[in-house]
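Structure first, commentary second.
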């Protein structure tokens, strides 16, 4: 979608052309609500990964103690 990584970060590309052509306004409340959804998704992914890592470590510790 954004091969040069410019469109979503800067109002102007390296070649001087605008990245915001055709966008007259940004609905801030809608943007906020969408970003809350993104934050919730990332928080859930973080929580899931932490639980998986903790479970893996607990299993490894159990078998390390069991085989000693």
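Brief remarks follow.
- Residue count, the range 1-19 (criterion: in a loop (DSSP other than H, G, I, E, B), at pLDDT 80 or above and over 18 Å from the mean Cα position of the chain (by Cα)): 8
- Checking the range 50-60 against the condition returns no match, with no residue being in contact with a strand residue (DSSP E or B) (Cβ under 9 Å, 6 or more places away or on another chain) and either surrounded by 10 or more Cβ atoms within 10 Å (Cβ to Cβ) or modelled with pLDDT under 90 (or both).
- Looking across the range 20-31, the residues that are surrounded by fewer than 10 Cβ atoms within 10 Å (Cβ to Cβ) and within 22 Å of the chain's Cα centre (by Cα) come down to 26, 27, 28, 29, 30.
- Residue in the range 48-66 that is at negative phi and outside any helix (DSSP H, G or I) present: no
The values are calculated or read from the model by the stated rules, or taken from the named source; none is laboratory data. Everything numeric in this text was worked out from a predicted model, so none of it was measured. So basically every Cβ, Gly included, is an ideal-geometry build from the backbone, and we count neighbours across all protein chains shown.
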